[in-house]
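Report on one structure; see the data block that follows.
The values are calculated or read from the model by the stated rules, or taken from the named source; none is laboratory data. What you see is a predicted model; the values in this text were computed from it and never measured. As a convention, Cβ positions derive from the backbone with ideal geometry for all residues, glycine included, and neighbour counts pool all protein chains shown. These accessible areas exclude ligands, DNA and RNA; they are computed on the full protein's heavy atoms, side chains included. Shrake-Rupley method; radii C 1.70, N 1.55, O 1.52, S 1.80 Å.
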Amino acid sequence: MRYLIISDLHSNWEALEAVLDAANGRYERIVCCGDLVGYGPDPNRVVDWARSHLDAVIRGNHDRGCCGLEDLEWFNPVARAATIWTMGKLRQDNIEYLRKLPAGPLRVDGFHLIHGSPLDEDEYLITATDARNIFDYLEEGVSFFGHTHLQGGFAYADGYFQVLPPLDPFRGEIDYRLDPGATCLINPGSTGQPRDGDPRAAFAIFDSDTLEVSQRRVTYDYEATRHKIEAAGLPDVLGARLLVGR
Ligand code: ZN
């Protein structure tokens, strides 16, 4: 089965649409590693889409925050302002949907979905050391995670730990065939708010039979989303950062 793997959509409709266009015809199911909402200007549109299109999804920390399950003291001022704005905009039925999202890790067709780490939804796995420290807690096989908004991955097999090479900023796609004996931790990147210096929306395609992973990027209308963010009265920095992918 071929899966479209997405994460950290953050209410960015234009980025999501571009990803769906770019991935069209290459997958049968869609799964998400959390953070449907927060930061962006289209929370209801993105959650409405998620409710009718996602085959599996776990909650992220912003999903928890935007449906009242999180103490916002832990959020930085910009994230808190965007969360309060989002809570005011979300329809009640979408708030209820977010409240019922499961926490990861969630098993799907032999692989797992995680938001932060297998131990803590809010933990950031950024460096090789971060990842190496939690490999003992991962289920064998393939896990996908998000939260860092950094596309990439790590693998461990036969005593060797490997950092998967990142996607070159001048290319739109990088392909791996994962070792069936390895434990792999793959981040598809953020669709709605990339932070690795590449503003293009990120996603991955995963074939659960062949273990092929394709990590991809696609441009979208960054300015349109930025204008919506400013018109909505969300912090301007949330629009500006989309243009640079930081
Ligand atoms: Zn996020």
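One residue stands out in segment 135-165 among those that are out of contact with any strand residue (DSSP E or B) (no Cβ under 8 Å at 6 or more places or on another chain) and farther than 24 Å from Arg216 by Cα: the one that is most open to solvent (accessible area, probe 1.4 Å), namely Tyr160. Among the numbered conditions (1) modelled with pLDDT under 95; (2) within 15 Å of Cys184 (Cα to Cα), the only one that Phe111 does not meet is (1).
Within segment 102-128, restricting attention to residues that are within 22 Å of Pro194 (Cα to Cα) and in contact (Cβ under 8 Å) with a residue 60 or more places away in the chain, the residue that is nearest to the ligand (Cβ to nearest atom) is His115. Phe170 meets the stated requirement of being over 29 Å from Met87 (Cβ atoms), open to solvent by 40 Å² or more (accessible area, probe 1.4 Å) and of a type outside the set (Lys, Arg).
Being touching a strand residue (DSSP E or B) at 6+ places or on another chain (Cβ under 6 Å), open to solvent by 30 Å² or more (accessible area, probe 1.4 Å) and within 30 Å of Pro118 (Cα to Cα) is not true of Arg217. From the list Gly197, Gly181, Gly192, the one residue that fits, being touching a Gly at 6+ places or on another chain (Cβ under 6 Å) and open to solvent by 10 Å² or more (accessible area, probe 1.4 Å), is Gly197.
Only one entry in Asp175, Asp196, Asp209 is in contact (Cβ under 8 Å) with a residue 12 or more places away in the chain and over 30 Å from Trp13 (Cβ atoms), namely Asp209.
Cβ-Cβ contacts under 8 Å between residues 6 or more apart (or on different chains), taken from a first residue in segment 54-83 that is within 18 Å of Gly40 (Cα to Cα) to a second residue that is modelled with pLDDT under 95 and of a type in the set (Lys, Arg), are listed as Leu72/Arg80.
Residue check: Ser117 meets all listed conditions (1) hydroxyl-bearing (Ser, Thr, Tyr); (2) under 19 Å from the mean Cα position of the chain (by Cα); (3) part of a helix (DSSP H, G or I) but one, namely (3). Taking the criterion of being more than 17 Å from Ser7 (Cα to Cα) and out of contact with any helix residue (DSSP H, G or I) (no Cβ under 6 Å at 6 or more places or on another chain), the residues of segment 138-165 that qualify are Leu138, Glu139, Glu140, Gly141, Ala155, Ala157, Asp158, Gly159, Tyr160, Gln162, Leu164, Pro165.
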